[in-house]
Amino acid sequence: MLSRTLAQVRVVIHYPERGGFQRSEELVRLLRAVGTGEVETRPVRYAVDRQSIRYFHAADRDVSGAIGDMVGGGGRATVSDFTFFRPTPRDGTIEIWLP
């Protein structure tokens, strides 16, 4: 199994509609500055309790940890293995959920 690089991934940042936009934009700037392939944001109607980073393919585990280290919020402790999730997002998709 080969690990993907930042340039090969798509990061989707989910943020709460009420109050999460500014933090999501900070992360967009950071991730683009370090060469992340694609970065998108999506407002959601509910907030999670704590920041979470999710990967859906084993090849994305290492780069998800690196993203966790960059964005803070607990670092690698916030990275969750969602390889069981169906339907699986396309290869290289990593999600960040903001509280």
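For this structure, a couple of remarks:
- Take 9-17, 40-48 and order them by the average number of nearby Cβ atoms within 10 Å per residue, most first; the result is 9-17, 40-48.
- Value of relative contact order over the chain, rounded to a whole percent, pairs C-alpha under 8 Å and six or more apart: 40
- Residue 80 paired with residue 46, simple spin-label distance in nm, labels 7 Å along Cα-to-beta-carbon: 1.2
- Overall form of the chain per C-alpha gyration tensor (a/c, 1.5; a/b vs b/c): prolate
Bear in mind that the values in this text are calculations on the coordinates, not laboratory data. As the structure is a prediction and not an experimental result, all values here were calculated from the model. Quick reminder, even Gly has a Cβ in these numbers, built from the backbone with ideal geometry, and neighbours come from all protein chains shown.
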